[in-house]
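The values are calculated or read from the model by the stated rules, or taken from the named source; none is laboratory data. On a predicted model such as this, the values are computed, not experimentally measured, just so you know. Glycine also receives a Cβ, built like all others from the backbone with ideal geometry; neighbour counts cover every protein chain displayed.
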Amino acid sequence: MGSSASTGVALIGLLDAFRGKKRDPSEAAELAHLLETEELGIAGGKQDQYAAAYGGMNFMAFEDPVVRVSSLNPPDWALNELEKHLVLCYTGRGRVSGDIISTVMEAYRRGESGTVRALHRLKAIAAEMRDALLEGNLEAFGALLRENWDNQKALHPSVTNPQMDKLFAIALAEGAIGGKALGAGGGGCLLFYCRPDREHVVCRALGEAGAQLLSFNFDFKGLQVWTVPQQTSVDLWGEQ
């Protein structure tokens, strides 16, 4: 879910505030990505850092070295319905996303047709999902989530595992229109879009299958830094 990228962006914001420095979201995202990939040696793209820095719902175009971020404004009712009918769960299995990404990129560099074809389709799906959201066509959005997952799995066998396949089958059988792994796959979290009034059924079934359900809300502010005025300390006994 981009936890390492979010932590990196937040840390940069904290250090900037301490030093009295102001930095725009793109600069914070780029620096966080540089630290993670160059200093820590963890393979990965820039989308997580940009998502954390900007907040909101965005369409990102990566034209190395330029990243173009376009804010999306779906109808309010569509955002409310989307947030209500999305189900997020943890599979119970962690993974090192950089390892999976490195494996996929090696296959791409070798020109493996399945990997290359899946990557191109994933790029096209992103634009189709953008259009579906702007039109408020959530049924199409859910179907595209499912196609996205099919193409994710085509990148490399390590993207999925038996537990993930089991959870997907359960969610689809109980009323999910589609879903995908968040991040590189191989474990971590899954996100499903459910038919109206089926999200509670999907949640129950996933929980019974061993998944950990996670609550969430959309964030539209991105990186925020604030200062709390220093106050007189109080000890454990309430004495100043």
Note to self: Being farther than 21 Å from GLY44 by Cβ, touching a Gly at 6+ places or on another chain (Cβ under 9 Å), among the aliphatic types (A, V, I, L, M) and buried (at least 21 other Cβ atoms within 10 Å of the Cβ) is the filter here; which residues of region 175-228 pass it?
What the structure shows: ALA176, ILE177, VAL202, ALA211
Margin query: So in region 107-122, with the set limited to residues that are without any contact (Cβ under 8 Å) to a residue 24 or more places away in the chain and loosely packed, with under 13 Cβ neighbours inside 10 Å, which one is nearest to the chain's Cα centre (by Cα)?
Written below: HIS120
Next item on the list: Name every residue in region 108-145 that is farther than 17 Å from ALA176 by Cβ and of a type in the set (Asp, Glu), in order of residue number.
Entry: GLU112, GLU128, ASP131, GLU135
Check: Scanning for something surrounded by fewer than 12 Cβ atoms within 10 Å (Cβ to Cβ) and either modelled with pLDDT of 90 or more or at positive phi (or both), does region 2-11 turn up at least one residue?
Finding: no
Check: Is it the case that LEU122 is assigned by TED's automatic domain parsing to the domain that holds GLY210, at pLDDT 95 or above, touching a helix residue (DSSP H, G or I) at 6+ places or on another chain (Cβ under 9 Å) and assigned to a helix (DSSP H, G or I)?
Finding: yes
Checklist line | Breaking point among (1) more than 13 Å from the chain's Cα centre (by Cα); (2) outside the structural domain of ALA143 (by TED's automatic domain parsing), for GLN49 | finding: (1)
Next item on the list: Can you run down the residue pairs with Cβ atoms below 7 Å, 6 or more apart or on separate chains, where the first is in region 18-33 and closer than 16 Å to THR7 by Cα and the partner is in a loop (DSSP other than H, G, I, E, B)?
Entry: PRO25/GLY222; PRO25/LEU223; ALA28/LEU223; ALA29/LYS46; HIS33/LYS46
Notebook entry, point to check: Would region 68-84 turn up any residue that is touching a Lys or Arg at 6+ places or on another chain (Cβ under 9 Å) and within 29 Å of SER158 (Cβ to Cβ)?
Noted result: no
Checklist line | Where a residue in region 42-58 is farther than 14 Å from GLY183 by Cα and its partner, wherever it lies, is at pLDDT 95 or above and of a type in the set (Ser, Thr, Tyr), with Cβ under 7 Å and at least six apart | finding: GLY56/SER71; ASN58/SER70; ASN58/SER71
Item checked: strands (runs of 3 or more DSSP E) completely within region 1-100 that count 2 or more residues being among the hydroxyl-bearing types (Ser, Thr, Tyr) and closer than 21 Å to LYS123 by Cα -> 66-71
Notebook entry, point to check: Hey, any hits in region 22-33 for a residue that's surrounded by fewer than 16 Cβ atoms within 10 Å (Cβ to Cβ) and among the hydrophobic types (A, V, I, L, M, F, W, C)?
Noted result: no
Item checked: Test set (1) without any contact (Cβ under 8 Å) to a residue 60 or more places away in the chain; (2) under 30 Å from ALA205 (Cα atoms); (3) outside the structural domain of GLY142 (by TED's automatic domain parsing) - ASN80 fails condition number -> (3)
